[in-house]
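The values are calculated or read from the model by the stated rules, or taken from the named source; none is laboratory data. Since we're looking at a predicted model, the values are computed, not measured. Cβ placement follows ideal geometry from the backbone for every residue including glycine, while neighbour counts extend to all protein chains displayed. Quick note on the areas: whole protein, heavy atoms, side chains included, nothing else; ligands and nucleic acids left out. Shrake-Rupley method; radii C 1.70, N 1.55, O 1.52, S 1.80 Å.
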Amino acid sequence: MNYEQFFAEKIADLKSEGRYRVFADIQRQAGKFPTAFVHKDGKVKEITVWCSNDYMGMGQNPDAIAKMQEIAGGYGVGAGGTRNISGTMHEHVLLEAELADLHQTESALLFQSGWVANLTTLSTLGSLVPDCVIISDSKNHNSMIEGIRHSRAEKHIFRHNDLEDLENILKSIDPDRPKMIAFESVYSMDGDIAPIKEICDLADKYGAMTFLDEVHAVGLYGPRGAGVAERDGVMDRITIIQGTLAKAFGVIGGYIAGTKALCDFVRSYGTGFIFSSSMPPAVAAAARTNVNHLKNHNELRIRHQERAATLKQRFRDAGIPVMDSVSHIVPIFVGNAVLCKQASDDLMERHNIYVQPINYPTVERGTERLRFTPTPHHTDAHMDQLIEAIKEVWSRLGLQAAA
């Protein structure tokens with residue numbers, strides 16, 4: 001077999017479909033978010049970033065930057081091992097305590113990313129809880145799908161946010177079998193939100209654990225930023241809460257929160273935890289600073305929701321096809337992979353606006369979109385520039401306007 005030819009042909013297939021992913025070479029500017037520099041073809045220009053998952057701009061929090069510098073100067077830049085072998089730093093212990101307090105749980109456990117947290121926790125529980133059945137929402141994130149797949153547990157997929165379908169599946173399973181419902185709070189591509197209370201009601205009725213991915217909600221919802229479950233007053237009904245430190249909290253890393261026994265079980269049996277080097281202590285310290293900051297600054301969440309609502313309305317008023325969303329996610333429908341990438345390229349090249357095209361397999365074919373994530377730092381002037389740019393690109397490319 002000609003391996004190089006095979007690789008080249010597969011890449012060519014992606015390019016012909018308009019699905020080849022090109023990385024924007026970004027240089028963020030602390031203190032100036034959402035502006036940044038982009039490097040391309042030996043040139044540098046300033047752009048406005050409209051697609052960052054640093055939803056609150058906390059990656060530039062001066063207190064977190066100072067704390068990271070302080071701890072790196074004191075500890076050094078690495079942890080030196082896995083958590084089991086010399087890699088548990090005091091900053092890890094402090095961050096886990098901060099996260100447990102955020103979610104009002106007995107314990108929390110850190111991972112290198114939210115992806116690793118989902119993969120490890122779901123695969124560990126699914127494989128070791130005897131005869132466990134996992135019931136998963138059809139739009140769950142890849143990391144959850146991979147965790148369930150690696151567990152080799154029996155699985156059922158229920159239609160997205162469909163309580164009737166979920167209950168029918170639960171009814172079909174032996175009442176005595178252990179079972180777990182795995183779902184997200186905010187689904188990051190469509191911007192819809194799960195009916196958490198009603199899912200918890202079904203879990204109670206049929207004796208199921210609940211695994212809730214709050215990755216796109218922690219820091220953003222609830223009076224202290226613990227997520228949609230906190231906002232809805234049902235956080236204490238969730239068996240396992242999973243979150244990230246890489247989005248609203250502006251750093252990197254993932255975690256789970258739950259009972260002491262649950263977290264200790266995953267810590268002791270989860271290979272994705274046991275065999276991974278621990279995060280640098282300076283990173284943990286910066287994350288703890290930002291978690292604590294957002295606990296105590298609900299006004300940022302109020303501003304964030306206002307910015308998202310304002311942008312949606314501005315799009316509607318301009319006849320731009322904004323998709324329905326009840327969260328801070330603002331998707332604009334394109335429906336064609338090639339045109340979606342072209343629109344993204346044109347916004348960058350012609351208008352200095354960066355928004356990444358979202359194509360298959362992240363979303364289904366025919367639902368390609370541009371996904372905007374307004375932050376508390378996006379001003380009315382930023383929105384004015386964005387609206388005019390999109391109107392120009394939509395007109396020139398002949399893209400569909402709002403119905």
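For n ≥ 4 DSSP H runs only, could you compute -39500 (n - 2.57) per run for the chain, divide by its residues and tell me the 222 nm figure to the nearest 500?
-13500 deg cm²/dmol
As an exercise, identify the chymotrypsin sites (Phe, Trp or Tyr not before Pro) in region 222-305 lying in DSSP coil whose Cβ has no more than 15 other Cβ atoms within 10 Å.
PHE275
What is the distance in Å between the Cα centroid of region 186-205 and that of region 1-64?
Rounded to whole Å, the Cα centres lie 32 Å apart.
Under a cut-off of 20 Å between alpha-carbon atoms, report the lysines in cross-link reach of LYS67, not counting same-chain residues fewer than 8 places apart.
LYS32, LYS247, LYS295
Output the antiparallel fraction of DSSP beta bridges having both residues in the chain, as a percent to the nearest 5.
60 percent
Rounded to a whole number of µm²/s, how large is the Stokes-Einstein D of region 141-274 at 25 °C and 0.890 mPa s, given Rh as the Kirkwood radius over C-alpha pairs?
Taking Rh from Cα pairs, D becomes 157 µm²/s.
Tell me which lysines have Cα within less than 29 Å of LYS10's Cα, excluding those fewer than 8 residues away on the same chain?
Answer for LYS10, where 29 Å is the Cα cut-off: LYS40, LYS139, LYS341, listed by chain and number.
Any chance you could check the Cα centroid distance between region 306-331 and region 128-178 for me, in angstrom?
With region 306-331 and region 128-178 each reduced to a Cα centre, they are spaced 33 Å.
Evaluate the charge dipole of region 1-85 about its Cα centre and quote only its size in Debye, nearest 20, assuming +1 on the Cβ of each Lys and Arg and -1 on the Cβ of each Asp and Glu.
The calculated dipole for region 1-85 is roughly 120 debye.
Is region 197-307 best put as rounded, prolate or oblate by its Cα gyration tensor, with a ≥ b ≥ c the root eigenvalues, rounded for a/c under 1.5, and otherwise prolate when a/b is larger than b/c, oblate when not?
oblate
Evaluated at 37 °C with a viscosity of 0.692 mPa s, what Stokes-Einstein diffusion coefficient in µm²/s does region 1-49 have when Rh comes from the Kirkwood expression over alpha-carbon pairs?
Estimated via Stokes-Einstein, D reaches 246 µm²/s.
In region 68-158, if the dipole is taken from +1 on Lys/Arg beta carbons and -1 on Asp/Glu beta carbons about the Cα centre, which of LEU125, ILE148, VAL77 is farthest to the positive end?
So the residue furthest toward the plus end is ILE148.
Considering only protein heavy atoms and a probe of 1.4 Å, how much of the accessible area of region 35-120 is carbon and sulfur, as a whole percent?
Reported share for carbon and sulfur atoms: 57 percent.
Report the relative contact order of the chain, percent, no decimals, based on alpha-carbon pairs under 8 angstrom and at least 6 residues apart.
21 percent
Given a 10 angstrom Cα cut-off, can you work out which residue in GLY227, GLY74, GLY243 is the most mobile in a GNM of the chain?
GLY74
Ignoring ligands, DNA and RNA, what percent of the 1.4 Å accessible area of region 191-305 is carbon and sulfur?
55 percent
Using only alpha carbon pairs under 8 Å that are at least six residues apart, calculate the relative contact order of region 115-169 and give it in whole percent.
Computed over region 115-169, the figure is 40 percent.
When ligands, DNA and RNA are left out and all protein chains stay put, how many square angstrom of accessible area per residue does the chain have with a 1.4 Å probe?
Heavy-atom SASA per residue in the chain reads 44 Å².
What residue among HIS351, CYS263, PHE273 has its Cα farthest toward the positive end of the dipole of the chain, where the charges are +1 on Lys, Arg and -1 on Asp, Glu, each on the Cβ?
The residue sitting farthest along the positive end of the dipole is HIS351.
Given a 1.4 Å probe and the protein chains all in place, what does the accessible area of GLU388 round to, in Å² to the nearest 10?
110 Å²
All other residues with a Cβ under 12 Å from the Cβ of CYS51 taken together, and with Lys, Arg as +1 and Asp, Glu as -1, what is their net charge?
+1
Over the heavy atoms of ILE11, what accessible area does a 1.4 Å probe trace out, to the nearest 10 Å²?
70 Å²
Using a cut-off of 12 Å between beta-carbons, work out the net charge of the residues near LEU94 (Lys and Arg +1, Asp and Glu -1, LEU94 not included).
Overall, the nearby charge balance is -2.
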